[in-house]
Amino acid sequence: MLNPAMPSPAGPSGRDARWVGLVELADLDPAASTLDLAAADGYWLARLLIRDAGVVRGYVTLPIAHGRVDLADLRTRAALLPVPDAAPDPDTLPAMSVVVCTRERPAMLREALGSLVALDYPDFEVIVVDNAPLTTRTAEVAAAFGVRYVVAPVAGLSRARNTGLAAARNGIVAFTDDDVVVDHQWLRGLARGFARGADIACVSGLVPSGELRNAVQAYFDARVSWSKVLTPRQFRLSAPPSDLPMFPFCVGEYGTGANFAVRADTVRALGGFDEALGVGTRTKGGEDLDIFTRVLFAGHGLAIEPAALVWHRHRDDLDALRAQAIGYGRGLGAWLTKVATRPRPLGMALARAPQAVQRLVHKPMTTVEDPDLADAVPLPDDDALAAEIGRIGRLELLQVLVGPGCYLAEQAKRITSKRAAVPA
């Protein structure tokens with residue numbers, strides 16, 4: 001019996017729904033002809049992420065019949081997947097600190113912490129950062145799991161990340177969110193990324209969709225690239241990749257804030273996370289893009305390691321999707337404004353501006369579904385829903401134009417606060 005990647009609060013709705021799970025090839029029963037899927041009622045397709053000896057191979061999508069998938073079909077499709085370069089576990093696994101920033105979402109946090117305390121790793125700590133708490137619920141959840149608890153009293157994700165960074169006792173700090181379930185080998189995957197080069201200061205992992213119950217989640221899944229980067233990569237400013245003409249300004253290519261780790265000393269030396277960016281501020285985002293590019297501009301390497309796996313729960317209704325689109329668009333505009341205020345990044349950005357504008361306006365919709373699957377279309381078949389999702393996409397684009405003013409307002413606010421704190 002295979003369990004889903006994440007438990008779902010409700011059943012599937014519409015043709016876009018997919019049962020989602022992880023298959024370890026080595027664990028399949030060679031004598032069995034089918035694989036039972038837990039909680040598969042109402043699903044007719046399964047999206048399965050295939051892993052072989054610790055290496056993420058890719059996805060297969062199979063029909064579900066009576067709560068089962070055909071193992072012969074699964075093995076045939078899995079055999080066609082590429083075999084990416086696998087980095088072995090380093091001889092010595094470095095101690096890590098895991099930081100989870102959260103605010104008044106105890107149920108989600110409980111699910112995330114349940115996966116974090118079950119990690120297969122010899123030396124790690126978990127730190128819950130409660131950002132501008134209104135109640136004691138987050139503290140109670142952290143206490144129930146026996147993890148460290150600290151408070152970042154002023155709202156802002158970057159402030160919370162800096163609080164976690166300051167509290168971390170270990171040299172590598174991994175960041176994740178409260179709306180995830182981490183794979184039990186997550187930290188081992190991050191350690192592999194750091195072992196790929198002595199100059200690697202940041203490692204990002206794979207963030208597949210952990211739940212696909214309806215068209216809204218399917219749309220979001222098609223819009224982001226987190227779940228589609230299945231090949232290990234390394235990025236350095238000294239060696240621009242030929243396939244990324246906008247490098248180093250590559251939105252989505254470096255991963256996302258739900259799954260990355262940094263060398264603590266490196267990020268502290270860079271001044272930490274920019275507190276004018278991120279959820280909880282006017283900018284509503286952009287802090288992960290900022291730290292990734294600052295690491296590169298400082299001369300360090302950044303590695304993508306798909307073996308570091310974190311499942312993400314996407315927003316499942318239009319209001320939540322709209323709010324997220326506002327945050328992504330505004331955060332991008334804010335980050336671009338910061339880039340424009342620094343001479344070296346600005347010069348590189350101007351050279352890449354035409355490609356950037358074209359990609360922004362024509363943001364690609366992609367899927368990890370098998371190409372021969374007729375229903376692998378990431379758009380809802382409900383005309384009214386499709387129209388509303390289209391409006392949300394345009395709203396995200398418009399919010400990019402709002403981002404600059406928000407970033408400048410946050411910067412002005414910080415300057416005023418610093419002046420007020422200086423004794424007369």
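The values are calculated or read from the model by the stated rules, or taken from the named source; none is laboratory data. The structure presented is a predicted model; accordingly, all values stated were derived computationally and were not measured. Note: ideal-geometry Cβ built from the backbone for every residue, glycine included; neighbour counts use all protein chains shown. We work out accessible area using only protein heavy atoms, side chains counted, and drop any ligands, DNA or RNA first. Shrake-Rupley method; radii C 1.70, N 1.55, O 1.52, S 1.80 Å.
Things worth noting here:
- Residue within segment 304-321 that is in a helix (DSSP H, G or I), out of contact with any strand residue (DSSP E or B) (no Cβ under 6 Å at 6 or more places or on another chain) and over 30 Å from V60 (Cα atoms) present: yes
- Residue tally, condition in contact (Cβ under 8 Å) with a residue 60 or more places away in the chain and closer than 18 Å to A298 by Cα, over segment 261-285: 11
- Taken together, the criteria exclude R77 from residues that are of a type in the set (D, E, K, R), touching a strand residue (DSSP E or B) at 6+ places or on another chain (Cβ under 6 Å), open to solvent by 30 Å² or more (accessible area, probe 1.4 Å) and without any contact (Cβ under 8 Å) to a residue 40 or more places away in the chain.
- Residue count for segment 225-261 satisfying the condition of being touching a helix residue (DSSP H, G or I) at 6+ places or on another chain (Cβ under 9 Å), among the aliphatic types (A, V, I, L, M) and either farther than 21 Å from A308 by Cα or surrounded by fewer than 17 Cβ atoms within 10 Å (Cβ to Cβ) (or both): 2.
- Any chance G42 is assigned to a loop (DSSP other than H, G, I, E, B) and touching a residue at least 60 places away in the same chain (Cβ under 8 Å): no
- Members of segment 379-392 found to be outside any loop (DSSP other than H, G, I, E, B) and surrounded by fewer than 17 Cβ atoms within 10 Å (Cβ to Cβ), listed by number: D383, A384, A386, A387, E388, G390, R391
- Listed here are the strands (runs of 3 or more DSSP E) enclosed by segment 81-172 that have at least 2 residues being open to solvent by 70 Å² or more (accessible area, probe 1.4 Å) and aromatic (F, W, Y), and there are none.
- Residues of segment 190-204 that are out of contact with any Gly (no Cβ under 6 Å at 6 or more places or on another chain) and crowded, with 23+ Cβ neighbours inside 10 Å: L190, A191, R192, G193, F194, A201, C202.
- Single match in L48, L25, L62 (criterion: modelled with pLDDT of 95 or more, open to solvent by 40 Å² or more (accessible area, probe 1.4 Å), under 27 Å from the mean Cα position of the chain (by Cα) and not acidic (D, E)): L25
- Residue ID - most open to solvent (accessible area, probe 1.4 Å), chosen from residues in segment 273-304 that are among the hydrophobic types (A, V, I, L, M, F, W, C) and within 17 Å of T102 (Cβ to Cβ): V279
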